[in-house]
Amino acid sequence: MSDKVNANRGRLSSALKKGLASEKGEVDARLDAQRVPTESNGEIQLPSGTEAPQYGGRSNTVSVNHRLQLPLSELVSNPFNPRTFYSPEAIDGLAVKLKRDGQYETIKVTRNTRFPNKYVIVDGEYRYRAKKSLGEEYIAAEVMPELSDRDLYLIANRINKDRTAQTVMDDALAWNRLMQEGVFEDQDALAASLDLSKAQISKTLQLTALPETLLRRMAEQSQIGLGHAYNIKLLYDKKGMAFAEDVLERVISGELSVKRLQELNERAGDGESPGRTKSHYSARAQFMAADGREVGQLKRFRDGRTELKLSGLTEQQQQVLGDRLEAVVREFMTAEEAQNGEAG
């Protein structure tokens, strides 16, 4: 009976905290126009009579920090950011929203001994990059008390999980940095902190043996999980980059499941041919930017499909290119219909 009562009290306490946090956020927003915290000698100067916020650890979900405007030039990215791969399209889309609607949610920053006189971003890298792309100089932020290297990762990781979690490829690179810097003494300590199995940690870390170009390509595909990535890594070890790229394209097209990848690996391990090595498409044209970065591909398939995929375009570029492509396709179809009519 007492356990049930305690559980009810816990839920009521949580609801009250959320309600108070929401009410406080509305009050703070109204007061922002009347008070603008500033800095002097690297320290935040709060309004007279205001107590400095106390940080309650990772379990504290009520924000009590003060909103202020920080120069983008004083911010640095989290060296232990759980996310490595950022979508250019998502940054451009967020920039459009920020320019149109303004910034409603502050980013979270902290101090860290690695970067004297700078603020390290704990939460808000996408907003930071979107602001930079707009050429703006300031961003609304809340300053958290100084965090350790370990908390820089764990807090940012928890925030990502509550929103849009990073990919397993992001995890591989982030965990590798944590191990190399000695933030966690071994894989067992990392597994315990993240509440994950040792096997998952080990398999994920092995992905760092893959070239970053292949990791980035996998990170761009929402359907690629650890099962896919780990089996592609094994095939990369056995058959090389070209074969791994072809297998990845077949996974993206829906041709290969995790089970089929496991079968390919078993046959490759037995010395058998792991399957066809030629691509499932009949022709492919790659489009590269001036800096050597791939921006898209045009593929032709034997079943009559033609696919064009481009990334990293701004909203204006998409509009211009979309209008031109639509005109080309309509002109082509009109010409085909006229030719077929004459032949008939």
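Bear in mind that the values in this text are calculations on the coordinates, not laboratory data. All values reported here derive from a predicted model rather than from experimental measurement. Cβ sites come from the backbone with ideal geometry, for glycine too, and all protein chains shown count toward neighbours.
Do the alpha carbons of any pairs in K97/K118; K132/K233; K233/K259; K108/K132 sit beyond 24 Å of each other, and which pairs? Long pairs (Cα-Cα over 24 Å): K97/K118; K132/K233. Our summary gives the stretch 283-330 a relative contact order of 23 percent, counting only alpha carbon pairs under 8 angstrom and 6 or more residues apart. The label-point distance for K238 and K309, in a model that sets each label 7 Å from Cα toward Cβ, rounds to 2.4 nm.
Summarising the label geometry, the points placed 7 Å from Cα in the beta-carbon direction at R260 and Q319 lie 4.1 nm from one another. Sorted largest first, the spans of the alpha carbon positions of the stretch 283-330 along the three principal axes are 32, 27, 12 Å.
Rounded to the nearest 0.05, the FRET efficiency derived from the C-beta distance between A285 and Q180 at R0 = 25 Å is 0.05.
Remark: spin-label model distance Q200-F85 equals 1.9 nm, labels positioned 7 Å along the Cα→Cβ axis.
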